Each structure stands twice: as C-alpha cells, then as structure tokens.
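S.K.: Here it is, the structure, as structure tokens.
The values are calculated or read from the model by the stated rules, or taken from the named source; none is laboratory data. This one's a predicted model, so the numbers in the text were calculated from it and none came from an experiment. Here the Cβ positions follow ideal geometry from the backbone for every residue, glycine too, while neighbour counts run over all protein chains shown. Each accessible area value is taken on the protein alone, full model and side chains, heavy atoms only, with ligands, DNA and RNA left out. Shrake-Rupley method; radii C 1.70, N 1.55, O 1.52, S 1.80 Å.
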Amino acid sequence: MYNFRKIEDKWQKKWNFETKKSSKKKFYMLEMFPYPSAYGLHMGHSRTYIIGDVLARYKRMNGFNVLHPMGYDSFGLPAENAAIKEGIHPLGYTEKAIKNYIRQQKSLGLSYDWSRMIASHTSEYYRWDQWIFLQFLKKGLAYRKKALVNFCPKCNTVLANEQVEKGKCWRHSDTDVEIKELEQWFFRTTQYADKLYREIEKLEWPSTIKDMQKNWISPSKGTLVKFNFENEYIEVFTTRPDTLYGVTAVTFAPEHPKVMELIKGTKNEKDVKKFVNKILLEDKFSRMEKDKEGIFIGKYAVHPLTNEKIPIYVANFILLEYGTGVVMTVPAHDQRDYEFAKKYKIKIKQVIVGNVSDSAYEGEGKLINSEKFNGMNNKKAMAEITGYLEKNKLGKEVIQYKLRDWLISRQRYWGCPIPVIYCDKCGIIPVQEKDLPVKLPGNVNFKSGGNPLATNKDFVNVKCPKCKSNARRETDTMDTFVDSSWYFLRYADNKNNKQIFSREKANYWLPVDQYIGGREHATGHLIYFRFFTKAFRDMGLINFDEPVRKLFSQGDVNKEGVRMSKSKGNVIDPMEMVNEYGADSLRFYLMFLSSPGSVFEWDDKGMKSVSNFINKFYELSNAKCKGKTKDRIALSKINSLVEIVTENIENFRYNKALIGIMEFTNYLNRNRDYISQKTFNESYKTLLALLYPFIPHVTSELNCDNKWPKSNRKLINKEIEYSENFLQNTILDVHNIINLINKKPRKIKLSVSESWKYDFYKRLKKEDSKDFNVLIRKLMIKEHGKEIPKIIQSYIKNPGKFQDVILSQSEEVKILEDNIKILENEFNCDVEISKNDAKAYPGKVSILID
RNA sequence: GCGGGAGUGCCAGAGUCUGGAAAAUGGGCAGGACUUAAGAUCCUGUGGCUUAGUGCCUACGCAGGUUCAAAUCCUGUCUCCCGCACCA
C-alpha cells in the first residue's frame, strides 16, 4: 500500500493556486460557498467541491488562467441559535467553524486560491452589503413599506417569499408561517422581473432550473380594471377582460387590508371580521383544500362600463399575493367563480356563447350581453375591451408577475446591519457612506427573547446625522441571501477597501464560467444574484448582465436510498474516509460511481475497491515490460482514451472518463508481455496526466505532466483494435467448428440474415459512411471461421503476434468465399448461405448442422 | 391540475441523442490460482432451460405501432421522484 498520508500531506503543503490577471484566457470556476456549520464538511459538500476541482485542474492543464476561490456564507441563524442555547458567541462559533472547514477542504486537496478567501460576517465584507443597500436606496431599488409579511415564530423573524414552502418555514417544516402586517425593507426585484424572465433563455443552465425560475417569475398578460367605489377605485387584475360584462361580484382576499377599512362601522363589521379571522387561523395549505367560502360585506362597487351595482365579497380562495388581491368574479366563465356563485346565490351572467348550465364555460366563442362588443369573438374582444378601458382611463394592459419584491429585513442579530437611522424629526435617514461600516456590536444579550441587537443601547441610540437630535438605529439585519448575491464578484478583488471591487478586475474575471451548486437554490439565490448582477450593470459597476454562464447542479449523496442528513442519522463523515483511504481515494470514488449530476448511492465497500485500484496503479509505475507486438494496439487505445476522457470531463461525465481509464489501465497491466517498455512508459505518463484532475496527490508524486495530453489521431486505428477482437473471436469460432464437425460431420449451413444484407447494401451506397468499415468488420469477425488451421493455431501458441492483421475490403470478401471452400474441403461438408434463416442477425453467420 | 425527470441482472450504473449481437464499468456472491494464513493480485462464473453446442428460450415498467431490425423512434398506459399549484 502506498503511503497516501505522507504523499498527500507533502503536496498539500506544496500547492499554491494563487492567481492573477494574465494574458492567458481566463476561466472562473466557482462552487456555491458554504454556510460554515459546527459539524464540518458533509459528503454532499465534498462531492460538489471535488466536481469543481476536477474541472479547475483540468482547465489549468489546458492553459487557462483559472480563478477558483472559496469563501464562507458565515452569517446566519445556526450560529445565533447556538449562542442562545449554549451561550457561545456567534463570532467564536463561526470563526472556529471556518477554520475547521478550511482545514477539511485543504485535506481534500481542493485547489483554491486561498488568498482570495472571503467571509460574509467580517465587516470588510458586509460593509459592501451596506454600501449596496445605500446605492439601491438611491436608485429606488430598496424601499420600506408596511406590508403583510410572512413571519416564522420559531426563527422569530420575517421571511422572504422564497423562504416559505407550502405555508411553512423553510427551516422549520413543522411551523406555520404567520401573516403579520409590519413595516419592512424590500428590494425591488420586480423591477427586473421582465429581464429576469426573458433572459433565462440565453443561459446554459439545466432546463429544470430554468423551468423552475420561469415558473417562479411567471408573467401573465392581462388587464387592470378600475371599479368605481365611493370616491375611489378598486383595482382588479384579470386575464379575461373579454368577460368584463359578466362580472357579478368583486371579491377580496381575506388578508386584504382594505377589507377592514370597508366594513368599519357598518352593520356587517362583526360578521365579516369573524369570517376573516376564521380563515386567517387556518394554515395556507389546508385552506387550499377547502370548499369555496365567502361573505358579502354589504357594500357595492360600480361596474366601469355598465354602471351596475356590483356586490363586494371576501372569499377564502382569493390570494393576496397575486395581482391586486382583489378579483372580478365572473361565474359564467370561471369555474371557481361558478362554484362560489352557486353557493352564495350570486348572479350568473353569461357573456360568451356556450353551455353554462352546470359548469362555467371557459372556452372560446362569440360575445353576448356585452353592449357594443356583442357578436365579437372573445379573443378579439380582449384587446378591444382593454383598449376601450384605456381610452376612458378605466384600466390598462399590464403584465402581472408571480415574483414579488424581496423582503430583506430580519429581526435577528447575526447578520449585516441595515445602515439606516430613524429620527423623529427627519424620518428615515440613511447612514452616510463615509460612516460605513455600521459594525455589528459584539456585546448583546442573547436571552432577551427578541432581537438581541436591540439590547445594545450604544448601538441603538445615536444622533441623527442631519439634525443631531436623538435618534435610533435600525436593528433589523439583512437576509443572508443578500450576502450571497454578490460574493462571486468580490473574489475578483477581495482585498479592496476603497471600492466594492475594481471594475477592471471584475470585468476581467467575470462572469463566472462554470458555477456548481444545489438545485434547491433555483428560485432563491439563483434569482437574487441575477437581480443583483442586472442592477449592478445598470449602475455601471460591471459590463455584463448575467452572473453565470454555465450552471451545473450536482446530485445528492444518499445512503440506503435516503439523502444523507444528520436528522436521518445516516451520515458518513468525509474526513473519516480521508483518514482511512486518503483524499485521492475519496475523490476518485465520489467521481467514479455515478455521474456528477445524478444521485450518488453511498456504499461503504466502494471506497476499498477504489483505493485498491489507485494502489495498483501506483505499483504499476515500476512495471517491467517486454515484447512489442501489441504496441500499435496500445498506442491506438491510449490515444482514443485521451479523446474519450477529454470529452467526458467537458460534459461532466466524470464517471465515464474514469471507467475508460480503468479499462485501459487493466489492459496495460494484462499485456505487459506484449508491449515495449517505451510504449508502456508513454502510455503510463499519459494516464498520469488524465488522472491528475481526479487524484492530484498521487499523480503529482509520480511526476505527472502539467499539460493536458493531446491525442495523436494518426495513431488511433480502430481496425487494429478490432483485429484483436477479430482474432480472439476467430479462435472461438474455429474451436467450435472443429468440435461440431468432429461430432457430426455432415452438413454446415452458413446463413446471413436478409435484414443484414438490406442494411449492408443501403450503407454501401453511401460512400462516405464512416460505419462502412465497421460494418464489414463485424461481418468478417464472425465469418472468419476460415483462416482456421494456420493462423489460428499459431495464434494460440503466440497470441501477441497477430496484432497487425488488417484486411482490406476486397480481401475480406475473398476470405468469406475462401471460408466456405475451406470449410467444405477441410471438413468435408456442405456450406451454404441461406437467405431466409430467421435466426441470423446482423454481423453473424450462423453455422448450423442438419 | 400544470411543468420537469426517471423505470435496464442481486446492487449501483452504462447503453437511448444518431435503431444494428443489451447489460460496459464497479460492487456483491460463487469457484479457482498464488499464499503458512490473511490481505492484495490474477483467472472463471453469475436471467432461465440445457442434449453442454458462441444450442434453445426469456428479458430493458406494461400494451400496442413503425422497421428487414427497437432498451433506443411513435402512440397509449402504469408506477416513482422533483418543482409549482384556487395565479383570476
């Protein structure tokens, strides 16, 4: 067993992957930075980083100037919760965890430029979060408003839309999110909704992720319609303006703030309040499964075109977060409205020809009951009615997105303070840029129950920068997804303390050429960082508008069919594997067993066998060879292998690259008696280079080349490789023929299938068909039961001798004819080619005995 | 309900794009060689039947279709996984 500990230690100390701008072509390789938890690196991390590292090393060997950085997303709840529970300060917790991560990542042999390391909890980093916030504020991309927001009672903070899953908190799948009305900070992601949506198409991302984003942003074209109400308007959004004349109610979402306003002081107030409260107590998920429920609030709006009185309702199936939170109810042409109307005896007014006797008619048709639009096809009427509304300032065409603005306030301590001061006289005053960073104070009380940051009086109480009177600081911190929305830019210039980054450096290194990370970020981080990039571009900070050209999503690591996780108790610690088998073995194993994109099913025994292979490979470096008859085959194989491995690395099919390498290694090992030392050494050297990205330590120890090998096409000769198979198969054929004949020497029937001949001639016509020779060869392999006595007998004695048997096409045809004669003569039997033997199949000649 | 992905030996996983002898590669299991032994290494076998013969049959979720030829292309269908979901 080679001493992997010594070797890996030696090379890890020696390696340095610091990089700077050069004339070489750049390649920015990035894996999503981790949250440094106290538990250390898990197997999923290891897999992701190794996938990236293989590509980074491969690109370096190909002459690219590779930027491959690592950092830590080090603000976040676990550190703060540890503080609350165990009394450890988040700073100490975090810094200890980061140290541990770095140590573990180094021990995996990951080739990072450590000089570019960043950690988002440091003020050198988060001051730029604050700076960005101020810029966004100026641009109107950050704003504060009172809104209904999602609140997780366990996290004790509000959440972004993206952090709510099926009505539950993303971190606490057992905790219902509460809806609260609070004044909070938002980023105006919707300003870029259109671009975020349309420009997905130009990304080289997995289609699943692209689809998820499209689904999340989800634009729909429709019309905003104003219903008159007392002295104001009620606006509704509809995708079916053609049914406007069929409106028989206007319906609000129960959470809608307007509802309480409308009922104030009316006789319905009590009932409506009761109804709304009942609905709000239900969690969102079970609400969906329930029947339609609603209540008339006792007031009427005015239809914009007919001036009819339209009753106003509140109903459980109206979503606050979509459109305006109010809809126009058209029972005749919307199934949900139909059900609702039936239950509450709301008028059903048909405006499109169709059957509405027992369900809504949602199809196409001619308009009726629609005044001057009568008779018009409904599709046409959509535009016409919208146009009419626009002309009369009663509505307009809009594109409605599902994407919401991003709520970034968090009532938590361990995050980046929002740089704002509240003054009773001056209102909201942004901290001035020169006063950044607003440092997160260390001295806070974690047991207060609320936001610990609010317990530090020195932090909270400040003078207003404008009027110098007493004021207080914002104590909310930013969502940690703000930190991760621009970190990839900071790597380009991580030590800059004058600017967020230099434009020149960012434009040189960015965009990221290859990004790797989990699918779970499809509708969160992967949208946010696109939003930031587009905003930065418009602010002139950078000259590109997408952060990442190519994205790859690695698969999970499972054990016994279940994703490895602490809660499932099925975790394998990568560091244990490194200690037992070495980092190279773990790297090889994680890349070998399944393709990087699919689920990796962990099997304890696999590590062992992979480590055996590496050991075997190591020992092979001293192998002695003799002979030369298979040199040409070996050279052909190694040169095709270079092409195979190259292609498979580029396509993230590392498992196939490694399989090819293993096959050839075994071939080399088995045929040492027929290969010259020179060829062996050359092949081995190539193998070393091919393996370097996967197992860098041991290959470095064996003096591996730093350049990616080029395949010499001239040496690739599939026919030589075939000829070896050909001979081996021929031996078998002959043995069998001899056996057969010895037993029952009567009549031999050679049959070639009709189907094969059909194809054969079809391809024959295409002169340039690459497959042609292959096809011939296939036929010949089997039909070659002829050369028998002479060639074969000597081959059996000396199998290495015949590596050069290559036959021309005409020779092969001749051989086929000869075969028959030989068989007939030598064995005194009849041989015939049968035209209609159903058992024959392409490339095979059946030899049957009557 | 909508969108996406997947069903292949005992297991993991190739092959599907571009139809041409299904099961590469690894694991597991069984046998053998070498060993005092273990490990490592190297052979051989691993769907069923079998007269033991590169013999017969069965097989890529199921059912059809196209084709001389289908795991691969088409249609239908079942199951599983993932995302979104009363989106007006």
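S.K.: How many of the residues making up the stretch A:413-433 are under 39 Å from the mean Cα position of the chain (by Cα) and open to solvent by 20 Å² or more (accessible area, probe 1.4 Å)?
M.R.: The number of residues fulfilling the criteria is 3.
S.K.: With respect to the numbered conditions (1) outside any strand (DSSP E or B); (2) of a type in the set (F, W, Y); (3) modelled with pLDDT of 95 or more, which one is the sole condition not fulfilled by A:Y422?
M.R.: Answer for A:Y422: the failing condition is (1).
S.K.: Pick out the one residue from A:E601, A:E576, A:E580 that is in a strand (DSSP E or B), surrounded by fewer than 18 Cβ atoms within 10 Å (Cβ to Cβ) and of a type outside the set (K, R).
M.R.: On the way: A:E576 fails: in a strand (DSSP E or B); A:E580 fails: in a strand (DSSP E or B).
Exactly one residue qualifies, and that residue is A:E601.
S.K.: Which is of a type in the set (A, V, I, L, M, F, W, C) and either surrounded by fewer than 22 Cβ atoms within 10 Å (Cβ to Cβ) or within 16 Å of RNA strand B (Cβ to nearest atom) (or both), of A:A522, A:A506? If you could, list the steps in order and put the result at the bottom.
M.R.: Values: A:A506 fails: either surrounded by fewer than 22 Cβ atoms within 10 Å (Cβ to Cβ) or within 16 Å of RNA strand B (Cβ to nearest atom) (or both).
One residue alone meets the criteria, A:A522.
S.K.: For the stretch A:404-448, give me the residue count where each residue is of a type in the set (K, R) and over 19 Å from A:P78 (Cβ atoms). Don't jump to the end; show me each part of the working.
M.R.: Of all residues in the stretch A:404-448, those of a type in the set (K, R) come to A:404, A:410, A:412, A:425, A:434, A:439, A:447.
Add one more test, that the residue is over 19 Å from A:P78 (Cβ atoms), and what stays is A:404, A:425, A:434, A:439.
Of the residues in the stretch A:404-448, 4 are of a type in the set (K, R) and over 19 Å from A:P78 (Cβ atoms).
S.K.: Cβ-Cβ under 8 Å, sequence separation 6+ or interchain: first residue in the stretch A:207-221 and in contact (Cβ under 8 Å) with a residue 40 or more places away in the chain, partner within 9 Å of RNA strand B (Cβ to nearest atom) and hydrophobic (A, V, I, L, M, F, W, C). Which pairs?
M.R.: As it stands, the answer is A:T208/A:A522; A:I209/A:A522; A:M212/A:A522; A:Q213/A:A522; A:W216/A:A522, since those pairs meet every condition given.
S.K.: Condition first: near RNA strand B (Cβ under 8 Å from one of its atoms), open to solvent by 40 Å² or more (accessible area, probe 1.4 Å) and among the acidic types (D, E). Now tell me which residues in the stretch A:297-343 satisfy that.
M.R.: Result: A:E321, A:E339.
S.K.: For the stretch A:52-111, give me the residue count where each residue is in a helix (DSSP H, G or I), at pLDDT 95 or above and β-branched (V, I, T).
M.R.: The total comes to 4.
S.K.: Got a sec? Which of A:S611, A:S567 is small (G, A, S) and open to solvent by 20 Å² or more (accessible area, probe 1.4 Å)? Spell out how you get there, then give the answer.
M.R.: Working: A:S611 fails: open to solvent by 20 Å² or more (accessible area, probe 1.4 Å).
Being small (G, A, S) and open to solvent by 20 Å² or more (accessible area, probe 1.4 Å) holds for just one of A:S611, A:S567, which is A:S567.
S.K.: Scan the stretch A:95-123 and report the pairs whose first residue is under 16 Å from A:G52 (Cα atoms) and whose second residue is acidic (D, E), with Cβ atoms within less than 7 Å and a gap of 6+ or a chain change.
M.R.: A:G109/A:E8; A:L110/A:D53; A:S111/A:D53; A:D113/A:E18
S.K.: Looking at (1) surrounded by 14 or more Cβ atoms within 10 Å (Cβ to Cβ); (2) modelled with pLDDT under 90, find the lone condition where A:T243 falls short.
M.R.: Single failed check for A:T243: (2).
S.K.: Filter the stretch A:293-311 down to the residues that are outside any strand (DSSP E or B) and under 48 Å from the mean Cα position of the chain (by Cα), then identify the one that is nearest to A:F340 (Cα to Cα). Write out each step before concluding.
M.R.: As a first pass, look at the stretch A:293-311 and keep what is outside any strand (DSSP E or B): A:293, A:303-308.
In the following step, the residues that additionally are under 48 Å from the mean Cα position of the chain (by Cα) were identified as A:293, A:303-304.
Details: A:E293: 7, A:H303: 20, A:P304: 23 Å.
So the residue we want is A:E293.
S.K.: How many of the residues making up the stretch A:78-91 are within 18 Å of A:Y125 (Cβ to Cβ) and surrounded by fewer than 21 Cβ atoms within 10 Å (Cβ to Cβ)?
M.R.: Result for the stretch A:78-91: 1.
S.K.: If a residue has to be more than 30 Å from A:D673 (Cα to Cα) and in contact (Cβ under 8 Å) with a residue 24 or more places away in the chain to count, how many in the stretch A:605-633 make the cut? Steps first, answer last, please.
M.R.: Let us first name the residues in the stretch A:605-633 that are more than 30 Å from A:D673 (Cα to Cα), namely A:605-607.
This time we only want the ones that are in contact (Cβ under 8 Å) with a residue 24 or more places away in the chain, so: A:607.
Here the count works out to 1.
S.K.: Shifting gears a bit: If you check A:I527, A:I614, which single one turns out to be part of a helix (DSSP H, G or I), at pLDDT 90 or above and near RNA strand B (Cβ under 10 Å from one of its atoms)? Show your work before the answer.
M.R.: Values: A:I527 fails: near RNA strand B (Cβ under 10 Å from one of its atoms).
Unique residue meeting the criteria: A:I614.
S.K.: Take the residues in the stretch A:1-18 that are part of a loop (DSSP other than H, G, I, E, B) and crowded, with 18+ Cβ neighbours inside 10 Å, then tell me which one is farthest from RNA strand B (Cβ to nearest atom).
M.R.: Within the stretch A:1-18, the first condition is being part of a loop (DSSP other than H, G, I, E, B), and the residues that meet it are A:1-3, A:15-18.
Keeping just the survivors that are crowded, with 18+ Cβ neighbours inside 10 Å gives A:2, A:17.
Working: A:Y2: 11, A:F17: 30 Å.
It comes out as A:F17.
S.K.: Condition check: near RNA strand B (Cβ under 9 Å from one of its atoms), crowded, with 17+ Cβ neighbours inside 10 Å and either closer than 16 Å to A:L526 by Cα or not small (G, A, S) (or both). Does A:W205 satisfy that?
M.R.: Details: near RNA strand B (Cβ under 9 Å from one of its atoms): no; crowded, with 17+ Cβ neighbours inside 10 Å: yes; either closer than 16 Å to A:L526 by Cα or not small (G, A, S) (or both): yes.
No; evaluated as a whole, the condition is false for this residue.
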